[in-house]
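The values are calculated or read from the model by the stated rules, or taken from the named source; none is laboratory data. The structure presented is a predicted model; accordingly, all values stated were derived computationally and were not measured. Note that each Cβ is placed from the backbone with ideal geometry, even for glycine, and that neighbours are counted across all protein chains shown. The accessibility values were calculated without ligands, DNA or RNA, using every heavy atom of the protein model including side chains. Shrake-Rupley method; radii C 1.70, N 1.55, O 1.52, S 1.80 Å.
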Amino acid sequence: MKETPLSNCERRFLLRAIEEKKRLDGRQTYDYRNIKISFGTDYGCCIVELGKTRVLGQVSCELVSPKLNRATEGILFFNLELSQMAAPAFEPGRQSDLLVKLNRLLERCLRNSKCIDTESLCVVAGEKVWQIRVDLHLLNHDGNIIDAASIAAIVALCHFRRPDVSVQGDEVTLYTPEERDPVPLSIHHMPICVSFAFFQQGTYLLVDPNEREERVMDGLLVIAMNKHREICAIQSSGGIMLLKDQVLRCSKIAGVKVLEITELIQKALENDQKVRKEGGKFGFAESIASQRITAFKMEKAPIDTSDVEEKAEEIIAEAEPPSEVVSNPVLWTPGTAQIGEGVENSWGDLEESEKEEEDEDGTDEAIILDTIKMDIGVEVSNIGSQDAPIVLSDSEEEEMIILEPDKNPKKIRTQTISAKQEKAPSKKPVKKRKKKRAAN
C-alpha cells in the first residue's frame, strides 16, 4: 500500500510555516521532541519513544564460531524491521530502499565506530565467541526513524547482560543467572544519531523532523556523534549541496543534543538498576500511567473491616421499623382472588383505537345491507307483535331469513305471499263495485 501523498495546500502550508520559523507541534527550529525510555523485565529489552515514533529494542546472544579473519573478536549483528503496524506504507517481506539505508547507517554508527569491545566477547580463540544480535522493531512511525533506532540500540546494549562462562581445558561451562550474576558488555562510548532536514535548497534547517516535514524536505543530513564530540558517522541524502559552514553549524548543534541525550540515557539506566537492586517493581507494565484506561494495575486503598458488625447493628437500630401491612384478599369472581395492591384486570376491555375500528366496521356492514335491500327489492314486513320474527321474502323464490330468532318459534305462524297472490285480492273488490253500480 502506497502512502497517501500530501496535497498542494498542505505542502504550501508546511513550507510557509517553516519559512516563518514555526512548526506544527509548537517546537522551535532546533528543539528535539520528548524522549521517553522504558525497560522490560529482562535485560536488554527497552522501548524508546521519540515523540510519537516508538522503537522496541531487544538484544540476544549465543556462542558461535568466530570469523576466519578475526578469530579473537566477537560478532555484532544489527537488524531493523519496518512492519505495517508502524505505517501502512511499509510492505511486509520486502526490503525497501529506506530499510537498507537505515540498516547500513546503524552498522556504520555502532559497529564501525568500535563502541563495543568485540575482543571481550571472545571465549576461546578460534573456537567460541559471543555473537550479539540487536533486533529493532518500529512500532509507530512519526518521522526520524534513524535517531530513535540508534538510541534504542545503544540503550539496549548498555542494559544487556550476557551469561557468565568459565573455560577449563577444552570444556566451556555456561552459568545461569541464578548460579552467577550476568556480565554487562564492555562499551567504550555511546554514538547517537542526530538528523537535520533542509528546505528550499538548504536555506532553512530543522532538527528532528517529523513525518510530514520529511515529506516536504529537500535533503537530510545525519551526524552520529558521542558526548566527547567525536563524529562516528556522517551521511547526506537528497542531492543538495551543503556549504562547509552549514555542516559545521550542524555538528555543533549535534554535540549539544548528544550530550543531553547521553545524560538522559545514563539517568534511565541508573534508575532501573536501583529499582532492581531494591527489589521494586519494574518492566513495561510499571511504566504505564495508572490513570489511563490501559493501566494494568490500580492503587490499593486500605479498608478497615474490624468494626463492620457494630456499625451494621447501629444502622439497623437507628432505622425506622417497617410498617405492618396485612393484605386482604379481593374476590373478583368465584374461584379467583387478589392479594395486595393491584390494578383491575383489563384483559377483556378494548382500547379506544379498537373500539373506533369496530364502530367503523358496523357502519360499513349497515350500508352494505341497505344497498342489498334496494337492489333485490326485498320487503320487510312485521307480522304480529314486536316479538314476532322478521321475515325477508323474495317475489320469485320462497326463502326465509330469520334475523332475530325467538325462543318459542312454534307459537308464531309465518306466511309468505307471492306478488301475484297479493295483487289478486286487490282487483276482485273493484270488479264487484262496478257491477253494483251498473245494476243501480
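Looking only at residues in segment 164-202 that are closer than 30 Å to CYS109 by Cβ and of a type in the set (Gly, Ala, Ser), the one that is modelled with the lowest pLDDT is GLY202. Whenever a residue of segment 11-24 is closer than 13 Å to GLU214 by Cα, its partners that are not in a helix (DSSP H, G or I), lying with C-beta atoms within less than 7 angstrom and at least six residues away or across chains, give the pairs LEU15/PHE199; ILE18/PHE199; ILE18/TYR204; ILE18/LEU206. Within segment 21-36, if we keep just the residues that are crowded, with 16+ Cβ neighbours inside 10 Å and of a type outside the set (Val, Ile, Thr), the residue that is farthest from LEU205 (Cα to Cα) turns out to be ARG33.
Is it the case that LEU68 is free of Cβ contacts under 8 Å to residues at least 24 places away in the same chain and assigned to a loop (DSSP other than H, G, I, E, B)? Against the criterion (free of Cβ contacts under 8 Å to residues at least 24 places away in the same chain and assigned to a loop (DSSP other than H, G, I, E, B)), LEU68 qualifies.
I'd like to check something: does segment 52-59 contain any residue that is open to solvent by 80 Å² or more (accessible area, probe 1.4 Å), farther than 22 Å from LYS114 by Cα and touching a residue at least 40 places away in the same chain (Cβ under 8 Å)? Yes, because at least one residue in segment 52-59 is open to solvent by 80 Å² or more (accessible area, probe 1.4 Å), farther than 22 Å from LYS114 by Cα and touching a residue at least 40 places away in the same chain (Cβ under 8 Å). Check whether at least one residue in segment 1-8 is at pLDDT 90 or above, farther than 22 Å from ASN103 by Cβ, among the aliphatic types (A, V, I, L, M) and out of contact with any His (no Cβ under 6 Å at 6 or more places or on another chain), and report yes or no. No: segment 1-8 contains no residue that is at pLDDT 90 or above, farther than 22 Å from ASN103 by Cβ, among the aliphatic types (A, V, I, L, M) and out of contact with any His (no Cβ under 6 Å at 6 or more places or on another chain). Being among the acidic types (Asp, Glu) and under 30 Å from SER120 (Cβ atoms) is true of GLU73.
Residue count for segment 112-147 under the criterion of being open to solvent by 30 Å² or more (accessible area, probe 1.4 Å), in contact with a Leu (Cβ under 6 Å, 6 or more places away or on another chain) and either within 21 Å of VAL100 (Cβ to Cβ) or among the small types (Gly, Ala, Ser) (or both): the result is 2.
Per-residue answers, yes or no, for (1) open to solvent by 10 Å² or more (accessible area, probe 1.4 Å); (2) more than 12 Å from CYS250 (Cα to Cα); (3) among the aromatic types (Phe, Trp, Tyr); (4) touching a Ser or Thr at 6+ places or on another chain (Cβ under 7 Å):
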position: PHE198; (1), (2), (3), (4): no, no, yes, no
position: PRO209; (1), (2), (3), (4): no, yes, no, yes
position: ARG212; (1), (2), (3), (4): yes, yes, no, no
position: ARG215; (1), (2), (3), (4): yes, yes, no, no
position: GLY219; (1), (2), (3), (4): no, yes, no, yes
position: HIS228; (1), (2), (3), (4): yes, yes, no, no
position: ILE234; (1), (2), (3), (4): yes, no, no, no
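Hey, does segment 235-242 have a residue that's in contact (Cβ under 8 Å) with a residue 12 or more places away in the chain, over 24 Å from ASN140 (Cα atoms) and touching a Lys or Arg at 6+ places or on another chain (Cβ under 6 Å)? No: segment 235-242 contains no residue that is in contact (Cβ under 8 Å) with a residue 12 or more places away in the chain, over 24 Å from ASN140 (Cα atoms) and touching a Lys or Arg at 6+ places or on another chain (Cβ under 6 Å). Please go through segment 71-116 and give me each residue that is free of Cβ contacts under 8 Å to residues at least 24 places away in the same chain and of a type in the set (Lys, Arg), ordered by number. ARG94, ARG104 - these are the residues of segment 71-116 that are free of Cβ contacts under 8 Å to residues at least 24 places away in the same chain and of a type in the set (Lys, Arg). For segment 50-68, state whether one or more residues are β-branched (Val, Ile, Thr) and touching a Ser or Thr at 6+ places or on another chain (Cβ under 8 Å). Checking segment 50-68: not a single residue is β-branched (Val, Ile, Thr) and touching a Ser or Thr at 6+ places or on another chain (Cβ under 8 Å). Of all residue pairs spaced 6 or more apart or on separate chains, those with beta-carbon atoms under 6 Å, a first member in segment 208-223 that is touching a residue at least 40 places away in the same chain (Cβ under 8 Å) and on the phi > 0 side of the Ramachandran plot and a second member that is open to solvent by 10 Å² or more (accessible area, probe 1.4 Å) and in a loop (DSSP other than H, G, I, E, B) are ASP208/TYR32; ASP208/ARG33. Here is the figure for segment 241-288: residues that are surrounded by 15 or more Cβ atoms within 10 Å (Cβ to Cβ), modelled with pLDDT under 85 and either of a type in the set (Val, Ile, Thr) or not in a helix (DSSP H, G or I) (or both) total 2.
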